[in-house]
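Enquirer: Questions regarding the structure given below will be posed in turn.
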Amino acid sequence: METITFKVDEDYLERLDIYISDMMNELSRNEIQNLIKKKLVLVNDKAEKQSYSVKKNDSIQINIPVKEELKLIKEDIDLNIIYEDSDIAIVNKPKGMVVHPSPGHKTGTLANGLLYHLDSLSDHNGDLRPGIVHRLDKDTSGILVVAKNNMAHEKLAEQFKARSVIRKYNTLVHGIVSNKKGIINAPIGRHPVDRKKMAVVDVNGKEAISEYVILEKFDKYTFLEVELKTGRTHQIRVHMNYLNHPIVGDQVYSNGRNEFGLKNQYLHARELSFIHPRTENIVRFEAELPEENNRILEGLINRRDSRCL
């Protein structure tokens, strides 16, 4: 049995099944409702109906029966571990890699590789998520911090909750963004029609803030640095689509349209800064753009500069 616990830290005012669906994309709405019916979901240590209205400070415990095929196994997967000490590891995740096992992704995940390469990992998030403090989408590349023990996990999780972790991304978007820099403050929730997507919504959305700076402009594209001030599901992808500048290659929010043949979104977690859980010093890590992304960027720069001659 895998147990996952959420502490509701905002005024949500949403049904229990919808709240869990927003928090756990790897479970379908039907799977969540079945767990609730089987009384495997507890709110403040008590089984509730799926129509229960989630409130601030509720403690929600989800008990997921672990199928045999979802048991985590060690796999000798090539990982780019750019830093490691006794408490944390910093990994540059490639695009196309899922962070932890879920239905449809039993093996080949980052968690499988971590179990093989690292001598210890926190178990704060259960057997299928050893060391996993935060996540990146499957097709988003870039930097992640991994907790090697529960002390480190708890202190890192506190920083993510307090929004003190600095997370900067590089992305290439369609169109020419007009302002040199800006702040997108638009609440995000489940799409009202397509429940597999997120969207900027007026009702039952959660606060979502992204701050961007233009790094390069091209004839049909803009290269940006985006800093997350909150951490909602698909936040940068949704916010850029909301500005009518969807991310190049995004299969969900831009129909994957692009001239470069990209089969995933051009979105890379470039920089991560936080307070080290043991030394309490501020540490900063950076991961260079993937080769494919860098090649596209250099091609656009060369194309632009040649036109200016």
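The values are calculated or read from the model by the stated rules, or taken from the named source; none is laboratory data. Small disclaimer: the values here were computed from a predicted structure and weren't measured. Cβ atoms come from the backbone with ideal geometry, glycine included; neighbour counts cover every protein chain shown. Remember, those area values only see protein heavy atoms, side chains included, never the ligands or the DNA or RNA. Shrake-Rupley method; radii C 1.70, N 1.55, O 1.52, S 1.80 Å.
Enquirer: Quick one: count up the residues across region 60-74 that are at pLDDT 85 or above and either among the acidic types (Asp, Glu) or open to solvent by 40 Å² or more (accessible area, probe 1.4 Å) (or both).
Expert: Within region 60-74, residues that are at pLDDT 85 or above and either among the acidic types (Asp, Glu) or open to solvent by 40 Å² or more (accessible area, probe 1.4 Å) (or both) number 3.
Enquirer: Taking region 135-155 only, how many residues are small (Gly, Ala, Ser) and open to solvent by 20 Å² or more (accessible area, probe 1.4 Å)? I'd like the intermediate steps shown before the answer.
Expert: Just the residues of region 135-155 that are small (Gly, Ala, Ser), to begin with: 141-142, 147, 152.
Applying the additional criterion that residues be open to solvent by 20 Å² or more (accessible area, probe 1.4 Å) yields none.
The number of residues fulfilling the criteria is 0.
Enquirer: While we're looking at this one, here's another question. Quick one: in region 170-200, of everything that is basic (Lys, Arg) and in contact with an Asp or Glu (Cβ under 9 Å, 6 or more places away or on another chain), which residue is modelled with the highest pLDDT?
Expert: Result: Lys181.
Enquirer: Which residues, taken from region 16-46, are assigned to a strand (DSSP E or B) and either surrounded by fewer than 17 Cβ atoms within 10 Å (Cβ to Cβ) or at pLDDT below 85 (or both)?
Expert: Lys46
Enquirer: List the strands (runs of 3 or more DSSP E) inside region 175-252, counting only whole elements, that have at least 3 residues being touching a Gly at 6+ places or on another chain (Cβ under 9 Å) and either without any contact (Cβ under 8 Å) to a residue 40 or more places away in the chain or open to solvent by 50 Å² or more (accessible area, probe 1.4 Å) (or both).
Expert: Because the criterion is at least 3 residues that are touching a Gly at 6+ places or on another chain (Cβ under 9 Å) and either without any contact (Cβ under 8 Å) to a residue 40 or more places away in the chain or open to solvent by 50 Å² or more (accessible area, probe 1.4 Å) (or both), the strands (runs of 3 or more DSSP E) in region 175-252 that meet it are 209-217.
Enquirer: Okay, moving on. Scan region 47-92 residue by residue and report those that are outside any loop (DSSP other than H, G, I, E, B), over 23 Å from the mean Cα position of the chain (by Cα) and touching a residue at least 24 places away in the same chain (Cβ under 8 Å).
Expert: Within region 47-92, Ser53, Glu69 qualify.
Enquirer: Among the numbered conditions (1) assigned to a loop (DSSP other than H, G, I, E, B); (2) open to solvent by 50 Å² or more (accessible area, probe 1.4 Å), tell me where Gly108 comes up short.
Expert: (2)
Enquirer: Filtering region 271-291 down to residues that are surrounded by fewer than 16 Cβ atoms within 10 Å (Cβ to Cβ) and acidic (Asp, Glu), which residue is nearest to Val145 (Cα to Cα)?
Expert: Glu286
Enquirer: Could you please let me know if Gly142 is touching a Leu at 6+ places or on another chain (Cβ under 8 Å) and either touching a residue at least 60 places away in the same chain (Cβ under 8 Å) or in a helix (DSSP H, G or I) (or both)?
Expert: Taking the combined requirement at face value, the residue satisfies it.
Enquirer: Let me ask something else. When the residues of region 111-125 are narrowed to those that are part of a loop (DSSP other than H, G, I, E, B) and at pLDDT 90 or above, which ends up most open to solvent (accessible area, probe 1.4 Å)?
Expert: Of the residues in region 111-125, the ones part of a loop (DSSP other than H, G, I, E, B) are 118-125.
This time we only want the ones that are at pLDDT 90 or above, so: 118-123.
Values: Leu118: 14, Asp119: 129, Ser120: 46, Leu121: 37, Ser122: 1, Asp123: 96 Å².
This residue is Asp119.
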